[in-house]
Every structure is written in structure tokens, then in C-alpha cells.
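Following: one structure in C-alpha cells, then a few remarks.
The values are calculated or read from the model by the stated rules, or taken from the named source; none is laboratory data. Just so it is clear, the structure is predicted and the values come from calculations on it, not from any experiment. Neighbour counts run over all protein chains shown; Cβ positions are idealised from the backbone, glycine included.
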Amino acid sequence: MSELAIGVDIGGGSVKAGLFDKEGKEKKESKQPIPSPLNEDSFIDTVKAAILPLLGDPNIKGIGIGSPGPIDADKGILISSANMPSLKNIPLKEKIESFSSLPVYYNNDANCAALGESIFGSQSHTDSQLILTLGTGIGGGFVERKKLFSGFQGNGVEIGHTTVVIDGAVCGCGGRGCVESYFSTRGFLGRYSEKTGVSLKNAEEFFQKVSSNDANAKEILDFGIICLAEAVRGAIHILNPESIVFVGGITASWNLYGERLSKEIRKRIFPVLNERLKIEVGKNFAGSLGAACLVFSNLGGQK
Ligand SMILES: [Zn+2]
């Protein structure tokens, strides 16, 4: 019998869980809304309720959990969450292990997405992958020979918060000039409203403006592409991945910027790296599959 794993994806609006086999096939799924009022007890109860219908098979080897950070991956603690400010220092691993009697692995959602992509994505054959999630902000994960590099307590590879404009636009992290202030949903909408006074609702609206030749939106995207290329350049020179894979909601508009972004990255890196670097769009697997990969990568001998 194939080994199975439960993956749990904690988002701002819901907790989604799935039961997966080692080929990444989902056998069962479950979803619970984030409760209101939200406190430690109601939150833990919701995570348990999402997991409960998936339990019972003796081939389940563990539970992987992914959530936005900051977290303490070693101790399995959700330190805080921008989307759920009433939660502080939640001992997720301990609570879910005692509830399920299964080993629990916890990491931030960008790292889970990176691991999922590195195991099941089109670049899974490459030695190392740098995976960037382009969405509300920019998340990053680096996987080398199937092993996730996650930094101290799981908070490494925060490429979204590397500086591209010294003393530039204020970022959600409190710093200035981070790349996600120039290339992400939050960044595009922020720069657009700064420039025009118009508040756009979402990334789709922004990219519609780009498609309809709105000069401001095009200028913001053009500068964003340069900013992201510079941030990726820095990351390539530090990590030297064999492939770069972009995932996340904004990759839906890859046709509007992907080619230029790839060109700008290639223009900036050491020529010797350019010859073998692969740049592509990922498959955007479910967050719950990425979380389940925390279990598979700890079993060893995975695909
Ligand atoms: Zn930042």
C-alpha cells in the first residue's frame, strides 16, 4: 500500500485539508471556514475539524501544515499572522500531534509551495529549484536535492523583502523599498493609487489596465519587472539554483510580463549561470499538497 499524508493549508479565510498519496493524488478533501470569534481554542478546533474526516487509514504517515509566517518551524508554533491578528504563539504541532497521534510537520506556506513544486513540478528533475510565489506579496522557497532550505525556525528565503529601491515605498513588513512593494498585488495596487489616486480592487483589474494600454499601469509593471529581475539576480548569485519557478495568483497574467522578466533576469546574471538556468511558470499545486510534501520529504525515498 502506498504511504499517505495529510496536508493542511491555513489561509486567511479557511483551513483546507487533503489526504494525498505519494504520487500527489488527492484521495479525500475537507474544508473549514476560519471561525469568528477567533482565538486559540476556536482556531485549534477548526484545524482539528478539517483533519478529522481524513483520519483512519493506517498508511497515513503524518500531517504537514502550512501557514503564513512568522512561525517557529522547529517547535511547530504559529508566532503571529497578518491575516489573523488575534492569534499569537499557537502551539500547532503539539496540539495536532496529541489530537491525531501522528507526527506533525509545520512550515510556512511559501516553503510548502516550493517543496510541492520541487517534488511534483516540471523542474523536479533539476538539482535545485528556487520557487517564488507571486501573489498578495512575494514568497520564496529554495529546495536543493529534494531538501527544503528553510533557514532558522523556517523563516528563510524571504526574497519578497529584499531591497530593490533604497528608502523606497513602505512595505507591509514595515521596511522600505522591498521588491514586493513593486511587484505583487499589494505593490501594484499601492503604486497605482499613489500615482493616480485610484484604488483598484485586485490584480486582475491592474492587469486589465495594462492590457488596455493604461500608461500608468504599464509604467508600474515595467518598473516592477526590473525590480523583480534585480531581486532574482541577487538570489541567483547567492543560491545558484538550477531552475527558477514562478507560482502564485499573479502568474495567471504571465503572458503580460513573463518573457520580459526572463530576459531581464538573464541580462543581469553571470553569463556562465545563464547557459544552464531554467526559468519557468509552475503548476500552482494546491497549498494542501505542498503541506503534505513536508511529510513525504521526511519519509525519504520520495519520487
Ligand atoms: Zn518588506
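Some values worked out for this structure:
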item	result
Selection status of E280, acidic (D, E) and either modelled with pLDDT under 95 or more than 20 Å from the chain's Cα centre (by Cα) (or both)	yes
Among the residues listed as G190, G139, the single one being crowded, with 23+ Cβ neighbours inside 10 Å, of a type outside the set (A, V, I, L, M, F, W, C), touching a helix residue (DSSP H, G or I) at 6+ places or on another chain (Cβ under 8 Å) and outside the structural domain of A292 (by TED's automatic domain parsing)	G139
Of all residues in segment 9-23 being modelled with pLDDT of 95 or more and of a type in the set (G, A, S), the one that is farthest from I65 (Cα to Cα)	G18
Residue within segment 51-62 that is in a helix (DSSP H, G or I) and buried (at least 19 other Cβ atoms within 10 Å of the Cβ) present	yes
G151, sole failed condition from (1) touching a residue at least 12 places away in the same chain (Cβ under 8 Å); (2) not assigned by TED's automatic domain parsing to the domain that holds K22	(1)
Residue within segment 103-112 that is under 16 Å from G24 (Cβ atoms), assigned to a loop (DSSP other than H, G, I, E, B), more than 16 Å from the ligand (Cβ to nearest atom) and touching a Leu at 6+ places or on another chain (Cβ under 7 Å) present	no
Complete set of residues in segment 147-187 that are assigned to a helix (DSSP H, G or I) and away from the ligand (no atom under 15 Å from the Cβ)	F152, Q153, G154
Qualifying residue in segment 207-214 (condition: among the charged types (D, E, K, R), on the phi < 0 side of the Ramachandran plot and away from the ligand (no atom under 11 Å from the Cβ))	yes
Residues being loosely packed, with under 13 Cβ neighbours inside 10 Å and either without any contact (Cβ under 8 Å) to a residue 60 or more places away in the chain or in contact with a Phe, Trp or Tyr (Cβ under 6 Å, 6 or more places away or on another chain) (or both) - total across segment 14-26	1
Filter result for the condition that a residue is of a type in the set (K, R), farther than 17 Å from S297 by Cβ and in a loop (DSSP other than H, G, I, E, B), over K75, K16, K27	K75
Near pairs, Cβ below 7 angstrom, 6+ apart or cross-chain, from segment 86-101 (not assigned by TED's automatic domain parsing to the domain that holds V8) to any residue that is part of a helix (DSSP H, G or I)	none
Residue match in segment 102-122 (condition: polar (S, T, N, Q), in contact (Cβ under 8 Å) with a residue 12 or more places away in the chain and surrounded by fewer than 23 Cβ atoms within 10 Å (Cβ to Cβ))	yes
Any chance V295 is touching a residue at least 24 places away in the same chain (Cβ under 8 Å), touching a Pro at 6+ places or on another chain (Cβ under 9 Å) and within 30 Å of D74 (Cα to Cα)	yes
Given (1) buried (at least 17 other Cβ atoms within 10 Å of the Cβ); (2) farther than 26 Å from D74 by Cβ; (3) in contact with a Ser or Thr (Cβ under 8 Å, 6 or more places away or on another chain), index of the condition G168 fails	(1)
Enumeration of residues in segment 145-165 that are over 22 Å from S67 (Cβ atoms), surrounded by 16 or more Cβ atoms within 10 Å (Cβ to Cβ) and modelled with pLDDT under 95	K146
Helices (runs of 4 or more DSSP H) wholly inside segment 193-299 containing at least 3 residues that are among the β-branched types (V, I, T)	215-239
Matching residues in segment 227-239 - criterion: being surrounded by 16 or more Cβ atoms within 10 Å (Cβ to Cβ) and under 15 Å from V164 (Cβ atoms)	C227, L228, A229, E230, A231, V232, R233, G234, A235, I236
